[in-house]
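Trainee: Please find one structure pasted underneath; my questions will follow.
The values are calculated or read from the model by the stated rules, or taken from the named source; none is laboratory data. A quick note: this is a predicted structure, and the numbers were derived from the prediction, not measured. Glycine also receives a Cβ, built like all others from the backbone with ideal geometry; neighbour counts cover every protein chain displayed. For accessibility, only protein heavy atoms count, side chains too; no ligands or nucleic acids. Shrake-Rupley method; radii C 1.70, N 1.55, O 1.52, S 1.80 Å.
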Amino acid sequence: MPRIAANLTLLFTELPFLERPAAAAAAGFQGVECLFPYAWPVTDLGAALDDAGLPLVLLNLPPGDWQAGERGLAGLPGREAEFRDGLDQALAYADALGCPRLHCMAGIPGADVAPHRALDTLIANLGEAADRCAAHGRLLTLEPINSRLDMPGYLIDTPGRARAVIEALGHPAVRLQYDLYHARVMGEDLFASLAEYLPLIEHVQFADHPGRHEPGTGDLPLAALLEHLDALGYQGWASAEYFPSGAAGRTDWLANLRHRVGSLTDHREGEVD
């Protein structure tokens, strides 16, 4: 089974942020990710991660004005300087914390921006960011985020659109971040889609569907999908990025998931024998 990480922005929200790495370790997670760590001094965050004994496997570039509805700057014409400043900040955190992956949100350009202009801006910004990340020994990820429910107007909302951008760039430091929940909302056949896009996938995230809550609250076949990723040869992380439906930080599904995936794997190997 892929190594399972916890998204500290969405999970364990009953705790102060710097106490969440320890809670994730106690719950059995093997790593953590977070959206935007910039409100906390990097030395304090590093100490919390070290105390918990968990790696930070992914962080996001600053998204612009989140409260005003911005969801990334990379595809917004005229915001290039702000995008570069955010990249500088993200790389400083990634270097200090040993984080290997930076997620770059494409953004919501708005109806007044021509789609081709937004895409050209995205590709130019990603190319510059990829060069910078590669120089720092980091990878840059591009995630399709559904435009049907969670982020209407988001520039890159399907794996196919993400692949077109990644292939247009042709840069080895730019990879696909595949969120099972977002792909399901957009109508992807997840088993076929994972097989199709696996050569580009660097990082996987999940939440149940519908509802975007913890596994077991919807109909997403997470155990079977993780077992499928194993069979495809995926070697990366799968990160829990969901909104707890009940008690904040609920993680009782994790032990059951490990048991279920182990059972699936044993059964598969038994059939082969």
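Trainee: Starting from the range 100-125, take each residue that is in contact (Cβ under 8 Å) with a residue 60 or more places away in the chain and list its partners that are crowded, with 16+ Cβ neighbours inside 10 Å and assigned to a helix (DSSP H, G or I), counting only C-beta distances under 6 angstrom and pairs at least six apart or across chains.
Mentor: The qualifying pairs do not exist here.
Trainee: Checking PRO21 against (1) out of contact with any helix residue (DSSP H, G or I) (no Cβ under 7 Å at 6 or more places or on another chain); (2) modelled with pLDDT of 95 or more, which test does it fail?
Mentor: Only one criterion in (1) out of contact with any helix residue (DSSP H, G or I) (no Cβ under 7 Å at 6 or more places or on another chain); (2) modelled with pLDDT of 95 or more is unmet by PRO21, namely (1).
Trainee: Let me ask something additional. Any residue at all in the range 209-220 that's outside any loop (DSSP other than H, G, I, E, B) and either open to solvent by less than 50 Å² (accessible area, probe 1.4 Å) or aromatic (Phe, Trp, Tyr) (or both)? If you could, list the steps in order and put the result at the bottom.
Mentor: Step one: of the range 209-220, the residues outside any loop (DSSP other than H, G, I, E, B) are none.
Scanning the range 209-220, I find no residue that is outside any loop (DSSP other than H, G, I, E, B) and either open to solvent by less than 50 Å² (accessible area, probe 1.4 Å) or aromatic (Phe, Trp, Tyr) (or both), so the answer is no.
Trainee: Take the residues in the range 171-208 that are hydroxyl-bearing (Ser, Thr, Tyr) and under 20 Å from CYS104 (Cα atoms), then tell me which one is surrounded by the most Cβ atoms within 10 Å (Cβ to Cβ). Please lay out each step first, then the result.
Mentor: Restricting attention to the range 171-208, the residues satisfying the condition of being hydroxyl-bearing (Ser, Thr, Tyr) are 178, 181, 193, 197.
Pick out the ones that are also under 20 Å from CYS104 (Cα atoms) and you get 178, 181, 197.
Working: TYR178: 29, TYR181: 26, TYR197: 19.
The extreme case among them is TYR178.
Trainee: Let me ask you something else. When the residues of the range 41-66 are narrowed to those that are surrounded by fewer than 16 Cβ atoms within 10 Å (Cβ to Cβ) and more than 19 Å from the chain's Cα centre (by Cα), which ends up farthest from THR141 (Cα to Cα)? Before the answer, list the steps.
Mentor: The initial filter retains those residues of the range 41-66 that are surrounded by fewer than 16 Cβ atoms within 10 Å (Cβ to Cβ), namely 41, 43-44, 47, 50-51, 53, 65-66.
Now drop any that are not more than 19 Å from the chain's Cα centre (by Cα), which leaves 41, 43-44, 47, 50-51, 53, 65.
Values: PRO41: 24, THR43: 25, ASP44: 25, ALA47: 26, ASP50: 25, ASP51: 27, GLY53: 25, ASP65: 21 Å.
Filtering the range 41-66 for residues that are surrounded by fewer than 16 Cβ atoms within 10 Å (Cβ to Cβ) and more than 19 Å from the chain's Cα centre (by Cα), the one farthest from THR141 (Cα to Cα) comes out as ASP51.
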